[in-house]
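Asker: Quick one: the structure is below, and I'll ask about it shortly.
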Amino acid sequence: MIKCMNNMSGWTIASMKLATMSFVLIVLKLWGGAMTWVNNTNAWWFIGVFAIFILISGAGCETCCGKFAKKPAKKKKK
């Protein structure tokens, strides 16, 4: 399970995403069969997988943001 990493900056995350996209493009360029499969597959499959990954990544780390980690407790009246 991937744990939240509070010490990661936005540039680090962006660099990881760009590296992953670059790797996928290299694989598609060098392996012709993969590119043919991508071209023959309906785009809605990729959109669906994208949506699932977005939902999973957003739900995996609720406490990283600090602001939204805990709701302020209400004071009890005596």
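Asker: Just to be sure before I move on: is MET1 at pLDDT below 85 and aliphatic (A, V, I, L, M) in the structure I sent?
Answerer: Yes, satisfied.
Asker: Looking only at the stretch 55-72, filter to residues that are within 17 Å of GLY10 (Cα to Cα) and assigned to a helix (DSSP H, G or I); which one of those is modelled with the highest pLDDT?
Answerer: Only one residue tops the list, namely SER57.
The values are calculated or read from the model by the stated rules, or taken from the named source; none is laboratory data. A quick note: this is a predicted structure, and the numbers were derived from the prediction, not measured.
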